[in-house]
C-alpha cells in the first residue's frame, strides 16, 4: 500500500490526525531505562504500544538516534521494524530533513526507504527538482517538503520577499505545480503560524496534506491549527506532538502517561474537527 492510502486508512481507523514524534533524548529518558543496552528502542517500543490505536502516524527523528552513533542507528532500524511488524497499518515518517545533489539523494532514499523501511521522509527543497528526482521517483512513498517551519526564527529566510511574495509561498506553489505529479508530495507547515497555515491551505487547496509540527512544547494551538489547516472533509493534516506526549512522565509510568496525553490531544483535535464540519 502506498503512503497516502496507508495514511488515509489510519485517519479513518483511529479517527485521528495525531502523529506522535519519537524524539528519544538520553537526558530525558526515565532513569530505569538507562540500564538497558537499547534504551531508545525500549523507550520507543513502550510509547508505540501505548499510543498505536490513537495515531495516524509515528515520526521518529533521525537526529536523536544518529547522535548515539552506530548503536543509535541500529535502534532506529529496530524501532521501524517493530512498527512495521506489529502495527503495519500505521505509516512511519522519518524526520531527517535531507537534501543534496541527485547522486547523494539517491543514497538517502536507499537508507530511508530500503534500509529503514519507512513510508515517508521530510526533505528541504533548496537544491531544486532535478536534485530531488530520486525522492520524487519513489511513487509509493511520501515526500514531505519543508515550507513554513514552526521554530522561532524560521522567518529569516522563509519570509523573504521574492518577486514581491514570501519565499514559503513560492515553495508551496512550486511543489503543488511542479513536484507533485505523482500526488505524493506533502508540505511541512508549523502549528505555531496558523495565519500562514491558512494561507498555504488556500493556495494548494484540499488535495495536499500538511505535516504540522509545533503542537505542545513549541506552543502551537490545536484549535487554530485545525481551523486553519483542515480540509473540507475534516482531514488533510498530520498534527505532530513529540515532547508533550512522550515526556508526559519521567517515571516508570511514562508509557501510561504518554497514552493519557495522546488521548487528550487526539480528542481535543477531534472536537475542533467536528466544529469545523458542523
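Each value in this text was obtained by applying a stated rule to the coordinates, not by laboratory testing. Fair warning: this is a prediction, and the values are worked out from it, not measured in the lab. Counting neighbours? That spans all protein chains shown, and the Cβs are built from the backbone with ideal geometry, glycine included.
Things worth noting here:
- Qualifying residue in the range 110-120 (condition: within 26 Å of residue 29 (Cα to Cα), free of Cβ contacts under 8 Å to residues at least 40 places away in the same chain and not in a loop (DSSP other than H, G, I, E, B)): yes
- When the range 76-95 is filtered for residues that are more than 16 Å from residue 56 (Cβ to Cβ) and buried (at least 24 other Cβ atoms within 10 Å of the Cβ), the ones remaining, listed by number, are 76, 79.
- Number of the condition not met by residue 247 [criteria: (1) touching a helix residue (DSSP H, G or I) at 6+ places or on another chain (Cβ under 9 Å); (2) closer than 17 Å to residue 191 by Cα; (3) touching a residue at least 40 places away in the same chain (Cβ under 8 Å); (4) crowded, with 19+ Cβ neighbours inside 10 Å]: (2)
- Count - residues of the range 217-243 that are in contact with a helix residue (DSSP H, G or I) (Cβ under 9 Å, 6 or more places away or on another chain) and either without any contact (Cβ under 8 Å) to a residue 24 or more places away in the chain or more than 28 Å from residue 206 (Cβ to Cβ) (or both): 1
- For the range 15-44, filtering for residues that are crowded, with 18+ Cβ neighbours inside 10 Å and out of contact with any helix residue (DSSP H, G or I) (no Cβ under 6 Å at 6 or more places or on another chain) leaves 2.
- Scan the range 83-109 for residues that are closer than 24 Å to residue 239 by Cβ and in a helix (DSSP H, G or I) and the total you get is 3.
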